């Protein structure tokens, strides 16, 4: 019998109500069906994240991970499948099989207990930067354009700022909106995984580090840097500061420094407001400190 962790079930139901309850109730049968179809045996209890469950499984000569996620309506899983297929294990976890209809992926098994937070912040920035660059291959036409994302950010920032009670200085919002508007027409066409961070980079056997859970757009690799600052900001501030951290990533990934700072400014303001909207208490103050430093360095 497939057991669903109580904490995960409770959180899903609290967030999604009756739909969440129905989904939780369907999971044991769904996982059993997938194991039967793919000739898998579950080897231990389920682990979980914010939106899905993962099981250590074994097939014919194959230790792997079975991941089942909450249904998405915007094609996130389908794009992840496309990205993992495109990379084919080069810098990212290898995709073995996928069933998008069941929101299920069968993935190469990595060391979930050893993510990038286990190393010093300087090494982590270098590793993340190198992976960001390595995954920046020509993007399929089906990936959303960073230009469209930038235009949406530019147009929505003032309204969101007003709705949240104007938590940021108006000149910060204006600058971020202007930057996004000016960046939009000239974005590139490379695959950008904009969610590379310590928790999404795991130890592996065939390579030292591999990326999991990609979130992708077609555009500039520089767009994928900002979240590296939010994750370990306190260590970054102690080690050398925001500007120092950006230099580490820029150098390891071969990025354009000015473009990196511009996209980092835009994304940090966007995430600052998203954090406010979601009721987060830690990340918005971190974003404030990043913006303060970026304002100082120009």
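Since every read-out is calculated from the coordinates, none of them should be taken as a lab result. Fair warning: this is a prediction, and the values are worked out from it, not measured in the lab. Using ideal geometry, Cβ is built from the backbone for each residue, glycine included, and neighbour counts are taken over all protein chains shown.
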How tilted is helix 6-38 with respect to the longest principal axis of the chain? Cα atoms for both, answer in degrees (0 to 90, nearest 10). 50
For helix 170-183, report the angle its Cα long axis makes with the longest principal axis of the Cα atoms of the chain; keep it between 0 and 90° and round to the nearest 10°. 70
So what's the gap between the Cα centers of region 193-261 and region 112-143, to the nearest angstrom? 6
Share of Cα-Cα pairs in region 104-188 beyond 16 Å, in percent? 72
Given Cα pairs under 8 Å that are at least 6 residues apart, what percent is the relative contact order of region 6-110? 18
Of the listed values (i) 6, 23, 22, 10, 6, 12, 15, 6, 0; (ii) 6, 25, 33, 25, 10, 1; (iii) 6, 26, 34, 22, 10, 2, 0, identify the label whose number matches P(r) over Cα pairs in 10 Å bins from 0, in percent calculated from this model. (ii)
Residue 100-residue 297 FRET efficiency (beta carbon distance; Förster radius 30 Å; 0.05 resolution): 0.10
Which of the peptides 218-230, 19-31, 191-203, 243-255 is most tightly packed, and how do the rest follow, going by the mean number of other Cβ atoms within 10 Å of each residue? 218-230, 191-203, 243-255, 19-31
In region 252-283, which residues have a backbone nitrogen under 14 Å from the label point lying 7 Å from residue 234's Cα in the Cα-to-Cβ direction? 282-283
Could you list the residues of region 267-298 with an amide nitrogen less than 13 Å from a label point located 7 Å from the Cα of residue 50 in the Cα-to-C-beta direction? 271-272, 274-284
Between residue 11 and residue 142, what FRET efficiency comes out of the Förster formula 1/(1 + (r/R0)^6) with R0 = 35 Å and r the beta carbon distance, rounded to 0.05? 0.65
Candidates 92, 180, 114, ranked by Gaussian network fluctuation over the chain, Cα under 10 Å, top entry: 114
Roughly how tilted is helix 121-134, in degrees to the nearest 10 and between 0 and 90, from the longest Cα axis of the chain? 80
Taking the chain and counting helices only, DSSP H stretches of n ≥ 4 at -39,500 (n - 2.57) each over all residues, the nearest-500 ellipticity at 222 nm comes to -16500 deg cm²/dmol
Work out, step by step, the length gained on full extension between residue 32 and residue 122: first 0.36 nm times the residue separation, then minus their alpha carbon distance; give nm to one decimal. 28.1 nm
Determine the relative contact order of the chain: mean sequence separation of Cα pairs under 8 Å and six or more apart, normalised by residue count, in whole percent. 15
